[in-house]
Amino acid sequence: MKHIITGGVIALLSVGVWRAVTFAQAGTPPNIAFDIPKTDIDLVLKNAPPSPPDRQLRVVDMGKYNLGVGIIHRGPTNDKPGDPISMIYHDYTAETYIITSGSGVLTTGGTIMNKKASATVNVMNGPSGNGTAGTGAYSRVVQEGDIIIIPTGVGHGWSQIKDHVTYLSVRPDPDRVLPAGYVYPLLLKNQPTAVK
């Protein structure tokens, strides 16, 4: 299992490097790096209100596309096996989840029953919608260390979270629906100092 996870991480990073090289040749990406230190993530998790659980940390203009990174903390779901599973989907952004702590059942794919577009567009995901997991949906337990790649438009929803699940969400945004330059408000006062 360790070899599979390691291989998956290497493949994911390779695709990222390939895309970065491709976009660097095609557009004008930034010439600096953007840090999100663990202290910033901890600050947001500690001080943000419990709802909504999704918090976009940064959206960076990468030249040909935007890239969003968010932190999500979900508490217990209090549902039972067999209960309907609420799902969301995003019209323009894919997501990669990197589970940093906790566990729960993640359901993805299949049909979305009672599908309905959201009336509002949020800074985390751009245009999205919701519904209930239907035929062909796949449920499995995910836990700390797991990485899940959710393509654009694929439904996804959580259930059977006993305690919590916390994860980073990396969102490539080729259609630029996320606001480039966005920084979570708590972090605007907490910019790192350069080492001299």
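A single entry from 136, 153 fulfils the requirement of being within 15 Å of the chain's Cα centre (by Cα), at pLDDT 95 or above, surrounded by fewer than 18 Cβ atoms within 10 Å (Cβ to Cβ) and at positive phi: 153. Which one is modelled with the highest pLDDT among residues in region 114-129 that are among the hydrophobic types (A, V, I, L, M, F, W, C) and in contact with a strand residue (DSSP E or B) (Cβ under 7 Å, 6 or more places away or on another chain)? Only one residue fits best here, namely 117. Just one residue in the set 141, 177 is part of a loop (DSSP other than H, G, I, E, B) and out of contact with any Lys or Arg (no Cβ under 9 Å at 6 or more places or on another chain); that residue is 177.
In region 112-129 there is no residue that is touching a helix residue (DSSP H, G or I) at 6+ places or on another chain (Cβ under 9 Å) and not hydrophobic (A, V, I, L, M, F, W, C). For the residues 157, 131, the requirement of being touching a Leu at 6+ places or on another chain (Cβ under 9 Å) and part of a strand (DSSP E or B) singles out 157. Here 71, 88, 98 are screened, and the one residue that is among the aliphatic types (A, V, I, L, M), part of a strand (DSSP E or B) and touching a helix residue (DSSP H, G or I) at 6+ places or on another chain (Cβ under 6 Å) is 71. Of 114, 47, 78, which residue is surrounded by fewer than 14 Cβ atoms within 10 Å (Cβ to Cβ) and touching a residue at least 60 places away in the same chain (Cβ under 8 Å)? From the options 114, 47, 78, the qualifying one is 47. Every condition in (1) within 24 Å of residue 50 (Cβ to Cβ); (2) under 14 Å from the mean Cα position of the chain (by Cα); (3) surrounded by fewer than 17 Cβ atoms within 10 Å (Cβ to Cβ) is met by residue 163 except one, and the failing one is (2).
The values are calculated or read from the model by the stated rules, or taken from the named source; none is laboratory data. Worth saying up front: this structure is predicted, and the values here are computed from it rather than measured. So basically every Cβ, Gly included, is an ideal-geometry build from the backbone, and we count neighbours across all protein chains shown.
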